[in-house]
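Written out below as structure tokens is the structure these notes cover.
Coordinate-derived values only; no laboratory data. Here the structure is a predicted model, which is why all the values come from computation and not from measurement. In this analysis, Cβ positions are derived from the backbone assuming ideal geometry, glycine residues included, and neighbour counts consider all displayed protein chains.
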């Protein structure tokens, strides 16, 4: 992966290059990513540049043996760590090393546009609490204590480091503070609040800016030539800086359509129940069917559904306000929102948003999903 192929701010790429050329590459860096950013690609491109045999002022050469190995994620001094769990092939004591081949295939197949939900789906581990565990940390310590294979930099990339198991994290503290010579650690996460301060304090912060609409539109038009410039611009606005979301919209992702249909059934019933309409109108059996389908898809999907509920509630409120021009919705979402015009006020949505966030918290903490969704249904109706 070369810098020229990474979809991030050009100034940030050049800053990392300049630091590497000046011999000032920090030994431990925390890449604070934005949703849908190309953070993992940036980390790999940075590692490739550090190990390149003929780097230029703007990029790695892309032709030397080191660069060719990095292009396949097969460089012996590139160490990747990521959330992992038991799978059909790894029945016990999983770690990143055992799933390295699957992870590399997943990353390359998606051109580094990766999300934790998709990775867990790949593992069929949506209902498992995947983590970077103590075995991964022991592996890091082992490699940090031996010489690099090619007498250059050893690069350690920890993707979704917010899932670093808390009891395992202390094992890395001394290594992050005083690593071996020419060792570079790159920690990546979108959720810094979930990372121990003792870990963050030992890293240099690198903020990855949110992508601009223009950058997303340009990349979409390059990737999907059949999409017009105008449509690409519209999609970029809806994506709100998240390129992964832009791709889902561009490819008419079936999951997104299904989530919207499920929300419509769910909220239709909530409103009808709150207005004390007949059981025929409330159609709670259909809602129960939606809950069953959402729960069956796993915890990450459940959180996606709740996040859609939050966004749609906000948009319903915005539709009723003088700021309706700020709405960022698809045509399908617009038709759903129109059904609920005038239903919500600011006080109600504040309480409802709090309930949704609480439900997301309990889902994350492995709560009983059926009880959580049932309780949310009645609590939302009570708010109305």
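Going from the fewest other Cβ atoms within 10 Å to the most, the residues 238, 99, 205 appear in the order 205, 238, 99.
Its Kirkwood hydrodynamic radius, worked out from the mean inverse distance over all distinct Cα pairs, puts segment 144-224 at 15.1 Å.
In plain terms, the chain from residue 276 to residue 102 could stretch by 57.5 nm, reckoned as 0.36 nm per residue minus the Cα-Cα distance.
As a check on your grasp of the helix formula, calculate [θ] at 222 nm for the chain: sum -39500 (n - 2.57) over DSSP H runs of n ≥ 4, divide by the residue count, round to the nearest 500. Walk me through the numbers before you get to the answer.
On the way: 18 runs with 202 residues, N = 384.
Using -39500 (n - 2.57) per qualifying helix, the result is -16000 deg cm²/dmol.
For segment 49-169, the average shadow cast by the Cα convex hull is 8.3 nm², which is a quarter of the hull's surface. Full extension of the segment from residue 151 to residue 237, taken as 0.36 nm per residue of separation minus the current Cα-Cα distance, would add 26.3 nm.
Here the contact order of the chain, divided by its residue count and restricted to Cα pairs under 8 Å and six or more residues apart, works out to 17 percent.
Give me the tail of P(r) for segment 252-383 as a percent: Cα-Cα pairs with distance above 17 Å.
Details: 4922 of 8646 pairs.
Across segment 252-383, Cα pairs with separations above 17 Å total 57 percent.
Okay, which of segment 261-298 sit inside 20 Å, backbone N to the point 7 Å along the Cα-Cβ direction of residue 351? Within reach of a label on residue 351: 267-277.
Counting other C-beta atoms within 10 Å, which of 221, 166, 362 has the fewest, and how do the rest follow? Could the numbers behind the result be given before it?
Working: 221 19, 166 11, 362 16.
Result, fewest neighbours first: 166, 362, 221.
When the inverse distances between all different Cα atoms of segment 1-78 are averaged and flipped, the Kirkwood radius reads 12.6 angstrom. For the chain, the share of DSSP beta bridges that are antiparallel, to the nearest 5, is 5%. If the chain linking residue 180 and residue 228 were pulled fully straight, counting 0.36 nm for each residue of separation and taking away their Cα-Cα distance, it would gain 12.2 nm. The modelled label-to-label distance for the pair residue 335/residue 18, using points 7 Å beyond Cα in the direction of Cβ, is 5.1 nm.
When Rg and the Kirkwood Rh are both derived from Cα coordinates, the Rg/Rh ratio for segment 233-279 amounts to 1.22. Counting every alpha-carbon pair across the chain, the share separated by more than 36 Å comes to 31%.
Simple spin-label estimate for residue 54 and residue 265 gives 6.0 nm between the two label positions (7 Å along the Cα-to-Cβ direction from each Cα). Extending 7 Å from Cα along the Cβ direction at residue 200 and again at residue 371 yields two label points whose distance is 3.2 nm.
Quick one: 102, 177, fewest Cβ neighbours within 10 Å first, how do they rank?
The most exposed by this proxy come first: 177, 102.
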